[in-house]
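Take a look at the following structure, please.
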2 protein chains.
Amino acid sequence: MAKLDPALDLAFAALSDPTRRRILERLARGPATVSEMHAAHDMSLPSFTAHLKKLEGAGLITSEKTGRVRSCALSPGAFAPVQDWLAEQRALWQGRLDRFDTYVTQLSEERKP
Amino acid sequence: MAKLDPALDLAFAALSDPTRRRILERLARGPATVSEMHAAHDMSLPSFTAHLKKLEGAGLITSEKTGRVRSCALSPGAFAPVQDWLAEQRALWQGRLDRFDTYVTQLSEERKP
DNA sequence: TGATTACTTAGCCATATGGCTAAGCTTGAT
DNA sequence: ATCAAGCTTAGCCATATGGCTAAGTAATCA
């Protein structure tokens, strides 16, 4: 499996900002328009839409403009690469613990006879 | 439960750089010294240790200097806040899907009689 | 004691990030 | 035809990030 590092870079960077995480939390409950979401944030509209652009650039959300209104939604499965990476780390770590356990067990076995 | 946003900010930001993820992948296999890890990265030592400082600042790794050598290790459970946040998102999303399903089911029930 | 190893600190540089205001530009309502 | 709503673009600003080199410090080795 390839690393897809750039995608991880973008996803993690997008997640590192509290405004953007709040947006994602909102969208997890269902789609919303730019203005609807902006109303909950004490920030200029251009600054706010810049955050949306980052989230979309990272593939975490999608958006579509209908008339003059842009509607946003969570990208289904967008967190998968991130969760996969974390799961892999966990597996590596667990593997190390297991090997350490084996090692300790062997040590105590060697001591017995 | 409080949000602990600053911790998440730091953790996600630390994870957004490929060099730092490589360091974490290395440390998941066991502790290592600064020089050992630096050998695998085509980068000046000061730049490299800056990455280590970020990881430590985010609470993802710990380090201890013995003599003139600094040894680094993964912080056990350091990914927990990150994984918890992702799990919560997943739960929100799943809740939404469930409610949508209920809604669709109700619609079709109402149509039957 | 003197040299070498293993960092550490200081300072510089280019680019990225996150905020703002002001001025567009469609689209929808009147 | 006009006006308001809902973004969008452009440009500015301060700070943060990620890289470098050069110089400093502390510990070990010969």
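The values are calculated or read from the model by the stated rules, or taken from the named source; none is laboratory data. No experiment lies behind these values; they were computed from the predicted model shown. Note that we place each Cβ from the backbone using ideal geometry, even for glycine, and neighbour counts take in every protein chain shown. To get the accessible areas, we keep the full protein, side chains included, count just its heavy atoms, and leave off ligands, DNA and RNA. Shrake-Rupley method; radii C 1.70, N 1.55, O 1.52, S 1.80 Å.
If DNA, RNA and ligands are ignored and the probe is 1.4 Å, what is the ranking of B:K53, A:K54 by accessible area, most exposed first? Don't jump to the answer; show the numbers that get you there.
Numbers: B:K53 155, A:K54 115 Å².
Greatest to least solvent exposure: B:K53, A:K54.
Tell me, what is the 1.4 Å probe accessible area of B:W93, in Å² to the nearest 10?
The value for B:W93 is about 60 Å².
Show me you know the interface measure: the accessible area buried between A and B, both chains summed, probe 1.4 Å, in Å² to the nearest 100. The partial results should precede the final answer.
On the way: alone 8400 and 8400 Å², together 14020 Å².
Adding both sides of the contact gives about 2800 Å².
At a probe size of 1.4 Å, how large is the accessible area of A:S44, to the nearest 10 Å²?
Around 60 Å² of this residue is reachable by solvent.
Averaged across the residues of B:66-78, what count of C-beta atoms belonging to other chains lies within 10 Å of each residue's C-beta? Write out the running numbers ahead of the final one.
On the way: counts 0, 0, 0, 0, 0, 0, 0, 0, 4, 0, 2, 1, 1.
Neighbouring Cβ atoms belonging to other protein chains average 1 per residue here.
Sticking with this one: Rounded to the nearest 10 Å², what accessible area does A:R96 have for a 1.4 Å probe in the complete protein model?
Its heavy atoms expose roughly 60 Å² to the probe.
Here is a follow-up. Working with all protein chains in place, sort A:R22, B:R68 by solvent-accessible area computed with a 1.4 Å probe, largest first. Write out the running numbers ahead of the final one.
Values: A:R22 110, B:R68 220 Å².
These residues rank, largest area first, as B:R68, A:R22.
When you look at the Cβ of every residue in A:14-21, what mean number of other chain Cβ atoms sits within 10 Å? Walk me through the intermediate numbers first.
Numbers: counts 2, 11, 10, 5, 6, 0, 1, 7.
Mean partner shielding for this stretch: 5.
Just tell me how shielded B:82-94 is by partners: mean number of partner chain Cβ atoms within 10 Å of each residue's Cβ, no decimals.
Numbers: counts 5, 6, 0, 5, 5, 2, 2, 10, 3, 1, 8, 9, 1.
The mean count of partner-chain Cβ atoms within 10 Å per residue comes to 4.
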